[in-house]
Amino acid sequence: MTVLTPTPPTAKAADRPRRILVFSTNNISDPGIDLAGSSHLHYSPGVMVIALPCTSGIRPSWIVHAIERGFDGVFIASDGDECAYLPDCAERSSRIAAQAQEQLLAKGLQPRRLKMAAICSVCADPFAKHVQQFATSLAELDARTEA
């Protein structure tokens, strides 16, 4: 069993890479993420990817746990409408994200630390852009929190 324990931040928020946990899917988003890496596209070195069969299998508590354990944010690379397992995967995934944001808010954590976007098997550039933008948003969020 792998335990996700990122090291606590030691530098000021603006000076360190964002630690982002990405939930991807084996058949849809993971190949696009792999393509981003093999194409040497730039995004935060703090990105860690966990592949699952379907985004509707993510539990809101996993997202909350990741934030509580030190990840700056969680990015769900959703199947969108291309899921091979469930015809309503996108709707289920949206409900999971909304539930996670409610749980984050209830624990005094910022719901904007969660982002979800559909990433397809050839979406290397969109994935890199989403993660770069998310990392920038997280840095701004942390800077406001430190002030």
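Bear in mind these aren't lab numbers, they're just calculated from the coordinates by the rules spelled out. Just so we're clear, the structure is a prediction, and the values are computed from it rather than from any experiment. Cβ: placed from backbone, ideal geometry, glycine included. Neighbour counts: every protein chain shown.
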(message) List the residues, sorted by chain then number, that are 5 or more residues from residue 52 or on another chain and whose placed amide H is less than 5 Å from its amide H.
(response) 24, 25, 26
(request) Before anything else, pin down the relative contact order of the stretch 65-147: Cα pairs under 8 Å, at least 6 apart, normalised by residue count, whole percent. (result) 32
(request) Identify which of the listed values of volume of the Cα convex hull per residue in Å³ was calculated from the structure shown: [x] 131; [y] 237; [z] 103. (result) [z]
(message) Show me, for the stretch 50-64, the HN-Hα J-couplings you get by feeding each phi into the Karplus relation (A = 6.51, B = -1.76, C = 1.60, θ = phi - 60°), rounded to Hz, glycine and proline as x.
(response) 10, 9, 10, x, 8, 5, 6, x, 5, 9, x, 5, 5, 5, 4
(message) For the stretch 16-107, which trypsin sites (Lys or Arg not before Pro) pass both filters: DSSP loop (anything but H, G, I, E, B) and at most 15 other C-beta atoms within 10 Å?
(response) 69, 107
